[in-house]
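Some notes on the structure that comes next.
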Amino acid sequence: MIATELTLTPTLARRLAISRQRLAGRRPPADLDGIMNILRDIRCLQLDPIRAVERTQYLVLWSRLGHYNPADLDRLLWQERCLFEYWAHAASIVLTEDYALFQAQMRDWGSGNGIWVKRAREWMAKNTALAEYILAELAQRGPLPSDYFESDSSQPGVWSSGRHANWMVEFLWTQGRVMVAGRSGQQRLWDLAERCLPAWTPRQEWEWPQVVYDAAQKSLRGLGVARPNQISRHFTRKNYPGLNGVLKRLAADGRIVPAQIVEDGQVWPGPWYVHADDVPLVEALANGDWRPRTTLLSPFDNLICDRERTEQFFNFFFRVEIYVPKAKRQYGYYVLPILHGDRIIGRVDPRMDRQQKRLIVNAVYAEPAAPQTAETGAAVAGAIAELATFLGANEVVYGETVPAGWQKAFQ
């Protein structure tokens with residue numbers, strides 16, 4: 001029997017979010033099935049080329065699986081074709097079984113009235129010959145890297161600078177006419193979409209109400225408990241037209257349940273929702289079935305990719321400082337937050353020295369409310385050691401900046 005409205009404490013809300021992100025409880029097997037198991041819950045892996053520690057798509061899986069073989073993710077992408085690269089809340093790895101959701105984006109790309117969309121649409125219309133050339137070359141010779149193509153167009157403006165072919169390939173990708181067929185290092189190899197998708201790909205064409213009906217549920221399940229604006233910023237970010245009406249329909253259909261979060265007698269502004277399938281998990285967590293972990297999070301982890309929600313749930317202010325000048329960085333270039341149970345208690349500033357096979361931890365920072373105990377320090381040091389093993393490091397080298405209460409664990 002589903003409750004008419006659920007009442008959660010902030011602690012229960014955090015634990016639900018962490019559990020739905022597969023960052024608590026028993027880990028799945030660290031194999032192909034385990035990776036797909038994780039992806040079916042979190043729905044996407046953001047892509048980022050920076051490898052100061054490891055690329056984010058691999059780190060996000062490590063935080064949930066522990067030690068696994070990153071080649072398994074590549075196999076699922078390029079051999080099994082269970083996954084593909086497209087736009088979710090950023091450029092991401094997504095599930096081929098979700099293709100119908102993304103096909104609507106592909107179909108309707110360029111139909112908006114925004115200034116950027118209008119300019120892109122106009123540019124595409126003026127450069128149909130370039131599009132036809134790229135598609136013909138891919139048909140005959142693909143897969144091919146972007147730099148294979150050349151454009152002699154000298155049109156001035158934001159779309160030129162000698163990069164016309166690259167822009168065109170990106171636009172064709174967004175339209176779903178070409179796809180990433182593989183990678184050579186970090187260079188994408190492009191091919192016609194029909195040659196990249198497996199025969200079992202769902203190819204039904206959904207209208208937007210059906211797309212949002214499905215995507216909103218998947219977004220909410222990844223979040224655990226969320227407000228409409230948080231659902232909109234997750235998974236297929238900002239691609240939820242008519243979301244409020246769809247949420248009312250989902251509630252009427254019994255697919256989602258209204259909720260409230262109450263802290264010290266004060267109700268957090270809502271409305272909030274929990275997916276009906278997660279009500280048993282809420283009840284289990286409320287009854288003490290909570291198996292926490294300590295791990296490190298990629299700066300682009302799905303749990304914290306919505307910075308505003310992260311502050312609300314964890315009282316943790318986090319911003320990526322990759323593009324901040326070194327002298328102005330507060331914490332470091334590629335900082336990993338520390339998840340300890342249902343709290344984010346600090347951050348680690350690491351760098352992987354692959355030549356020397358050393359994980360260099362420049363600094364470890366604790367949040368003001370973090371427990372300064374030997375037990376907590378040991379848990380954090382254990383998570384860092386697990387990361388070092390995953391990266392193939394033979395040793396961990398710590399800098400001088402570590403919390404006083406955790407120092408013994410880092411010696």
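The values are calculated or read from the model by the stated rules, or taken from the named source; none is laboratory data. Everything numeric here is computed off the predicted structure, so don't read it as measured data. Cβ sites come from the backbone with ideal geometry, for glycine too, and all protein chains shown count toward neighbours. In case anyone asks, the SASA skips ligands and DNA or RNA and just uses the protein heavy atoms, side chains included. Shrake-Rupley method; radii C 1.70, N 1.55, O 1.52, S 1.80 Å.
3J(HN,Hα) along the range 189-195: 10, 9, 8, 4, 4, 5, 8 Hz, from the Karplus curve 6.51 cos²θ - 1.76 cosθ + 1.60 with θ = phi - 60°, whole Hz, x for Gly and Pro. Distance from the Cα centroid of the range 45-79 to that of the range 275-291 is 29 Å (rounded to whole angstrom). Debye-formula intensities of the range 22-115, expressed as log10 I(q)/I(0) at q = 0.20, 0.22, 0.26 Å⁻¹, are -0.98, -1.14, -1.47 (one equal scatterer per alpha-carbon, no solvent).
Helix 10-20: angle to the longest alpha-carbon principal axis of the chain, degrees 0 to 90, nearest 10? Helix 10-20 and the main axis of the chain meet at about 50 degrees.
Pair-distance distribution of the chain: all C-alpha pairs, bin width 20 Å, starting at 0; shares per bin in whole percent are 24, 54, 21, 0.
Amide H contacts of TYR398: VAL361, each under 5 Å away and 5 or more positions distant or on a separate chain (H built 1.01 Å from N in the peptide plane; Pro and chain starts excluded). I need the shape label for the range 372-411. Rule: rounded when a/c is under 1.5, else prolate if a/b > b/c, else oblate, with a, b, c from the alpha carbon gyration tensor. The shape class here is oblate. Restricting the range 164-218 to chymotrypsin sites (Phe, Trp or Tyr not before Pro) that sit in a DSSP loop and have at most 11 other Cβ atoms within 10 Å of their own Cβ leaves TRP200. Relative to the longest principal axis of the Cα atoms of the chain, helix 164-174 runs at roughly 60 degrees. Shown in residue order for the range 257-273 are the 3J(HN,Hα) couplings computed by the Karplus curve 6.51 cos²θ - 1.76 cosθ + 1.60 at θ = phi - 60°: 10, x, 9, 9, 10, 10, 10, 6, x, 9, 8, 5, x, x, x, 10, 9 Hz (x for Gly and Pro).
For the chain, adding -39500 (n - 2.57) for each run of n ≥ 4 DSSP H residues and dividing by the number of residues yields -11500 deg cm²/dmol at 222 nm. Listed values for the range 294-311 are Karplus-derived 3J(HN,Hα) couplings in whole Hz (6.51 cos²θ - 1.76 cosθ + 1.60, θ = phi - 60°), namely 10, 8, 9, 10, 4, x, 10, 4, 4, 5, 10, 5, 8, 5, 5, 5, 4, 5, and x replaces Gly and Pro. Rounded to whole Å, the principal axis extents of the Cα atoms in the range 284-411 read 48, 31, 27, largest first. Take GLU5: with every protein chain present and a 1.4 Å probe, its accessible area is about 90 Å².
Amide H contacts for THR7 (H built 1.01 Å from N in the peptide plane; partners 5 or more residues away or on another chain; cut-off under 5 Å): GLN260.
Helix 56-65 axis versus longest C-alpha principal axis of the chain: approximately 40°, rounded to the nearest ten.
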